[in-house]
1. Give me the dipole magnitude in Debye, nearest 20, for segment 121-180 about the Cα centre, with unit charges on the beta carbon: positive for Lys and Arg, negative for Asp and Glu.
2. So, R0 is 41 Å and r is the distance between the beta-carbons of F154 and W192; what FRET efficiency does that work out to, to 0.05?
3. For a 24 Å ceiling on Cα separation, which of these pairs sit above it: K47/K259; K117/K271; K47/K178; K117/K178?
4. Computed FRET efficiency, Cβ-Cβ of R128 and L219, R0 51 Å: what is it to the nearest 0.05?
5. Which cross-chain or sequence-distant (5 or more) residues have an amide H under 5 Å from the amide H of A144, H modelled 1.01 Å from N in plane?
6. For labels at F229 and D272 in the simple 7 Å Cα→Cβ model, what's the distance in nm?
Amino acid sequence: MNTMISAAKRNRFLTVACFMSLLLFGSCEATRNYHSGRIEPGFLKNKGEGNVSFGADMEDNELGLNTNFTYAVTEHLAVQGGLSFYNSKFYPNYTVYDEVGPVNEDIKPLTKGTRLKLGLGYYSNFGRRKTSYIEVMGGVNAGAESFSFYDNNFNTIRKWDYNPFSAHLQFLVGKNFKNLSLAPGIRLTSIWYGQKVPLSDENYYYNNTNDISYVKEMLYVEPFYAMRFGPGPVKINFQVGFSISPFTNDLFDVYFTPKLSLGIGYVFGRKDPVIDPDME
């Protein structure tokens, strides 16, 4: 058992180190019209268990604040809801650089929005000790968002207001112990803006202000690694990952977006499994 625990810890830290390297060395400087935000695994054990979480996520030059609720209505069916706020002004990182130096410092981008999420999914604990975990969760998101450019005096140069709607499907497989849950996973998100909106601030910086790429819908692939740990009902949530759009040009230049999130949660209604490993 100790050998298995050591191997699990070693693999966990290697995976986290890999994602942290992506965050530190792969980050771009673009502001986009999509804020990926925190992905919420349920890490459920039984019917009647639920959790409430609050957290923050950093994604390039944006900061998001979010709350989430997950509840197991049966032994394998769960519902989920959440609310997010995000704003690039919360976490200013506006200056864009090329090979020579700063580019067009007089123009600042700003993305801000609010998003409501509802989801429904399947979960299962399996294996001899019921500590292996699988979860599939689908959901929809709706909200209000704005994308704008302004000058150093915060006078608006151009602004777009829109109401994006998106659907997502996330899948994860990992471990779900009493005091530690961890899993790699992936989420697919398709988003519809309802109108043409700027894809990002890249063309505004590097070209003329009239040279802007517009989109009406986008598809994002979002790999992630999530951990939840704590000895009691209060848990610490940690997550790293990135989002990427596979059908855009300059794939790893503007549209590869690392993210990091940290939060706190409360678990209720959790029952001890019939077979409980000694490590728990």
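Read the figures in this text as sums done on the coordinates, not as results from a lab. In this text, all values refer to a predicted model and were calculated from it rather than measured experimentally. A quick note on method: Cβ atoms are made from the backbone with ideal geometry, for glycine too, and the neighbour counts reach across all protein chains shown.
1. Once rounded to the nearest 20, the dipole reads 640 debye.
2. Values: r = 30 Å, r/R0 = 0.74.
Computed FRET efficiency for F154 and W192 comes out at 0.85.
3. Working: K47/K259 32 Å; K117/K271 27 Å; K47/K178 16 Å; K117/K178 27 Å.
Over 24 Å Cα-Cα: K47/K259; K117/K271; K117/K178.
4. On the way: r = 39 Å, r/R0 = 0.76.
After rounding to 0.05, the efficiency reads 0.85.
5. The answer is T114.
6. Modelled inter-label distance: 2.4 nm.
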